[in-house]
Amino acid sequence: MNIIRRRKIISKIRIWYENAKYHIMARSVRSLALYRNEEDYEIFYMILRRTREKYPFMIHSYCLMTTHFHMLVTTMKDEIWKIMKYLMQNYAMYFNRKYGTKGHVFDSRYVSCIIEDGIYFLEVSRYIHLNPVRACMVRNPLDYEFISSGARNFIIIIGKTRNDFKIKREVEKFPTSQSYSFSL
């Protein structure tokens, strides 16, 4: 009699505390385009706003690439896994419904790196904003349409559409840096 044993894969426990700052990245499955047209970007922004209403958090910077996205966020009262589950699950349901597909839209669990120092915070923001440049999509990050205004050393508040931004100045807790923060 053959006995098949299943290995249980245990995910790494995510560190969380109030006001934790994270670099978040999530990739599409099989490197397929997550955003196939303008409407897909708009729906992602809408789901992001709804996520923020349900689980308040701050977005310091973001970049939506064709096959993945990056965000620099600060949580408030809710764990990062709740935020990301709601965001990714809702976008995946929209995507599958729109394109008549089934199954996973995102490759695996999102990647999250906790940020505990001001210099690293600024480096992550720089990395996020230079993504389209590194991918040879644009020469100047400010020319890329689906990126936060953080490239100018401030963070945006997403309004009704990505073109309807409100800007609010907020000093970071890190003594080495001053930044601008956006709320959705």
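Laboratory data are not the source of any read-out in this text; all were calculated from the coordinates shown. Everything numeric here is computed off the predicted structure, so don't read it as measured data. Cβ coordinates were reconstructed from backbone atoms using ideal geometry, including for glycine residues, and neighbour counts include every protein chain displayed.
The set of residues from segment 52-65 being under 13 Å from the mean Cα position of the chain (by Cα) and touching a residue at least 40 places away in the same chain (Cβ under 8 Å) comprises 52, 58, 59, 60, 61, 62, 63, 64, 65.
Among the residues of segment 12-33, the one identified as touching a Leu at 6+ places or on another chain (Cβ under 8 Å) and within 17 Å of residue 97 (Cα to Cα) is 28. Of all residues in segment 101-126, those satisfying the criterion of being within 20 Å of residue 66 (Cβ to Cβ) and either hydrophobic (A, V, I, L, M, F, W, C) or free of Cβ contacts under 8 Å to residues at least 12 places away in the same chain (or both) are 101, 105, 106, 111. For segment 96-130, the set of residues classified as under 22 Å from residue 57 (Cβ atoms) and in contact with a helix residue (DSSP H, G or I) (Cβ under 8 Å, 6 or more places away or on another chain) consists of 105, 106, 110, 112, 113, 115, 125, 128, 129, listed by residue number.
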